[in-house]
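Below is one structure; the comments refer to it alone.
What follows is calculated from the coordinates using simple rules that are stated; it is not laboratory data. Remember, predicted model here, so these are calculated numbers, not experimental data. A quick note on method: Cβ atoms are made from the backbone with ideal geometry, for glycine too, and the neighbour counts reach across all protein chains shown.
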Amino acid sequence: MSKSTDSVAISGEGGLDALEASAEKLNESIDSQVRKQEKILSVLDSSFNVFEDSSAADLVHSSPNSGERFQRWFRYREGFSPELIDRAVRQLDIETVSILDPFSGAGSTLVAAHQAGIPSIGFEVNPIVSIVARAKTHNYSTADIESIRRVLRQVQMAAPGQPMAKRPALGILDKVFRTDVLNALLTIRQIIDEVPAGNVNDFLMTGWLSTLEGVSNVFKEGNGIKYRNRKRTSNGYTTIPWEQVPGFEIEGWGLVKSRLASQFHAMLEDVEPDVQLASPVVHEVSSVTGIDGVKDQSISLAIFSPPYCNNFNYMKIFKVELWMSGLVETYADVRAIGERALRSHVEMPIVVPEARTLPSELYALVEQIDPTKLWNSKIPKTIFAYFLDMRELLAGVYRTLSDGGECHIVIGNSAYGGVVIPTDVLLAKIAVELGFGVDRVAVARHLTTSSQQRRAMEPLVGYLRESIVVLKKERNA
Ligand SMILES: C[S@@+](CC[C@H](N)C(=O)[O-])C[C@H]1O[C@@H](n2cnc3c(N)ncnc32)[C@H](O)[C@@H]1O
């Protein structure tokens, strides 16, 4: 018998009335909290040109499985479609002489700029996806392609007993890779490591990195990684033997070589050798501070999707790639890379000033979050830190844009403890304070929440959306 039924039975009819009365009160207070929120959200929305734009729904995400040119070089769920950039360039009033993506990830913006022959600048703190972005945007010569094919022949001939790259110190390594798979991967990485830094090395590393997840015992899901050989049964979790994990029936060397062969085959199909186009410059530092190095008024279009204010830790999901590549050797290295990122999750060190310098609506909304409903008490501070970082970044973007230049931000809203954080219009409001004009907030699609959250927030779910915020630096601003 549950506790609440117990108390009803003991207190009899009068108790039931009291319980109903208090449930009603609770509903009233939830209703009034929801109404308060709705008011703030609708007033914010009414300050801008917010509208539904279903034609943008397919532009705000990438389709890694679509086999699309370059997108298939590396599976990066957080990317967006290059068509988004092409469309923005076509619609821009001024000539697009340079493009900036301060969160360039695996390079959707940079690839589109490269293909259009437009110089571009990227910032990305995750070294794994920076390699991928560079590889996708190099100009490969016929000699580069010959070198790549030569190394790939060595890869196919690699055998047990050859020198291997140093074994990573990642604690869970033996759970992530079967021993024969791990040995094959480290032997092949040793072959790639001997290729000097540059086009050929970036291309080979990208193909190798792209293959890791598929030959491992883990896969990325949500905000973390999950084991393939762990299955839930009625008695809890159980580990199934490697041979029974789909795709792992063959021995490790054969598995790794066949996956690498098909990956590199696809990548080589996408390369057009001896074409000379402006290649992007990718800075592996935080854009929040790194943007200071970009010249005033030198950018025509800034287009990007920053981390959302949703506690997603981009470094955590890449831990296997970071360790296996040799780019991190200690847990302190992992932390140091993670701390360069925008403060969008609670695993970051967060200190925020007392002064209330962000839009008042944000403080009003955060005050409505019931702290007992939060899974981590740092969430409110993290939300403020996120907007402070984004304001600093947007101030930099404003300075670097030329007159008539535009800034397009693909962004999703989020919810904490039943309270919506409308990041799209809050960023628009901050942008206005920095001098931008807001052209539009085009709602591309609506997000889903857990069914429990959904019930609690029913009247507010429409605000859980992914939008493209288009800002303009007016001429002669
Ligand atoms: C939504 S993803 C962008 C994906 C990208 N548009 C693409 O198509 O691949 C956000 C990216 O921002 C990066 N990031 C987070 N904080 C950063 C910072 N302070 N400076 C530069 N990049 C950062 C993350 O590592 C992540 O790759």
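When shorter helices are ignored and each DSSP H run of at least 4 residues is given -39500 (n - 2.57), the per-residue value for the chain at 222 nm works out to -14000 deg cm²/dmol.
Taking neighbour counts of Cβ atoms within 10 Å as a proxy for exposure, in what order, fewest first, do Thr187, Thr233, Thr423 appear? Mind dumping the intermediate values first?
Working: Thr187 20, Thr233 8, Thr423 26.
So the ranking, lowest neighbour count to highest, is Thr233, Thr187, Thr423.
The antiparallel fraction among DSSP beta bridges confined to the chain stands at about 60%. Here the Karplus curve 6.51 cos²θ - 1.76 cosθ + 1.60, taken at θ = phi - 60°, turns the phi angles of region 189-195 into couplings of 5, 4, 4, 5, 4, 7, 7 Hz, with x standing for Gly and Pro.
First check a/c for region 327-427, with a ≥ b ≥ c the square roots of the eigenvalues of its C-alpha gyration tensor; if it is under 1.5, answer rounded, and if not, answer prolate when a/b is larger than b/c or oblate otherwise. Here region 327-427 falls in the oblate category. If you take the Cα centroid of region 123-179 and the Cα centroid of region 240-261, the two points sit 18 Å apart. Taking 19 Å as the limit for the C-alpha separation, the pairs Lys175/Lys220; Lys220/Lys378; Lys220/Lys373 exceed it in the case of Lys220/Lys378; Lys220/Lys373.
Given +1 on the Cβ of Lys and Arg, -1 on the Cβ of Asp and Glu, and no further charges, what dipole in debye does the chain carry about its Cα centre, rounded to the nearest 20?
1080 debye
This ranking places Lys295, Lys316 by how few other beta-carbon atoms lie within 10 Å of each, fewest first, which gives Lys295, Lys316. Inter-label distance, Arg77 to Ser54: 2.6 nm, where each label sits 7 Å from its Cα along the C-beta direction. Note that region 316-325 has calculated 3J(HN,Hα) couplings of 4, 6, 9, 5, 5, 5, 4, 6, 5, 6 Hz, one per residue in order, obtained from phi through the Karplus relation 6.51 cos²θ - 1.76 cosθ + 1.60 (θ = phi - 60°); glycine and proline are x. Hydrodynamic estimate: the Kirkwood radius of region 139-288 over Cα pairs, inserted into Stokes-Einstein at 10 °C and 1.306 mPa s, corresponds to D of 91 µm²/s.
Above 30 Å lies some portion of the pair distances; for the chain, what is it as a whole percent of all C-alpha pairs?
Roughly 53 percent, rounded to a whole number.
I need the shape label for region 38-90. Rule: rounded when a/c is under 1.5, else prolate if a/b > b/c, else oblate, with a, b, c from the alpha carbon gyration tensor. Judged from the Cα gyration tensor, region 38-90 comes out prolate (a/c at least 1.5, a/b above b/c). Judged by the gyration tensor of its Cα atoms, with axes a ≥ b ≥ c, region 212-318 is oblate; a/c meets the 1.5 cut and b/c is at least as large as a/b. Using only alpha carbons, region 84-197 has a radius of gyration to Kirkwood radius ratio (Rg to Rh) of 1.11.
When the C-alpha to C-alpha distance is required to be over 30 Å, the pairs from Lys136/Lys295; Lys319/Lys429; Lys316/Lys473; Lys36/Lys429; Lys319/Lys473 that qualify are Lys319/Lys429; Lys316/Lys473; Lys319/Lys473. Neighbour counts of other Cβ atoms within 10 Å put Ser258, Ser305, Ser467 in the fewest-to-most order Ser258, Ser305, Ser467. Can you return the aspartates and glutamates within cross-link range of Lys472? Criterion is Cα-Cα under 14 Å, with same-chain partners fewer than 8 residues away left out. The qualifying aspartates and glutamates are Asp93, Asp403, Glu406, Glu433, Asp439.
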